[in-house]
């Protein structure tokens, strides 16, 4: 870093915070018993500056972890965002769904049929088990500390050392 290179100090701090956030979020995913593909689909971008704004992206690839948003905010009737309502799960290619009897834990399947064959299911959704927001809240003091340390280091980089001379009279 150049002397007093505050922008690069901020970018360095953002990179450290994003990597720590990702590590802590993956721990929360594991603690909550969520699918591991959420952690596998998470990535950290490169810290950037655009004018007076510095930022870094932490992303979850929803093609690799399609249920990631449902676990953060709930889905179907249990959604905390959007309109809470059951949603339709159609059979593949407009065909049928074959659901083993054991998967009907809270619902009464048609009698004496295994697997149950349906054209679609109206799914009630899943309750939220947040992992992003709690990670931010639980670690915000540490994140601020890291940004502060990196900013201080960037400011102090160009400051000449101070020599204290003790004079006795």
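Key figures for this structure:
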{"quantity": "Residue match in the range 16-36 (condition: over 16 Å from residue 135 (Cα atoms), surrounded by fewer than 18 Cβ atoms within 10 Å (Cβ to Cβ) and in contact with a strand residue (DSSP E or B) (Cβ under 9 Å, 6 or more places away or on another chain))", "calculated": "no"}
{"quantity": "Selection from the range 54-87 of residues that are over 20 Å from residue 120 (Cα atoms), in contact with a helix residue (DSSP H, G or I) (Cβ under 6 Å, 6 or more places away or on another chain) and not in a loop (DSSP other than H, G, I, E, B)", "calculated": "54, 58, 60, 68"}
{"quantity": "Selection from the range 28-45 of residues that are free of Cβ contacts under 8 Å to residues at least 12 places away in the same chain and either part of a helix (DSSP H, G or I) or within 23 Å of residue 152 (Cβ to Cβ) (or both)", "calculated": "30, 31"}
{"quantity": "Residue check, residue 90 surrounded by 13 or more Cβ atoms within 10 Å (Cβ to Cβ), at pLDDT below 95 and either assigned by TED's automatic domain parsing to the domain that holds residue 16 or over 25 Å from residue 143 (Cβ atoms) (or both)", "calculated": "yes"}
{"quantity": "Test set (1) crowded, with 16+ Cβ neighbours inside 10 Å; (2) more than 21 Å from residue 55 (Cβ to Cβ) - residue 40 fails condition number", "calculated": "(1)"}
{"quantity": "Meets criteria (buried (at least 17 other Cβ atoms within 10 Å of the Cβ) and modelled with pLDDT of 95 or more) for residue 68", "calculated": "yes"}
{"quantity": "Subset of the range 141-169 (residues that are surrounded by 10 or more Cβ atoms within 10 Å (Cβ to Cβ) and in a loop (DSSP other than H, G, I, E, B))", "calculated": "157, 158"}
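The values are calculated or read from the model by the stated rules, or taken from the named source; none is laboratory data. Small disclaimer: the values here were computed from a predicted structure and weren't measured. Quick reminder, even Gly has a Cβ in these numbers, built from the backbone with ideal geometry, and neighbours come from all protein chains shown.
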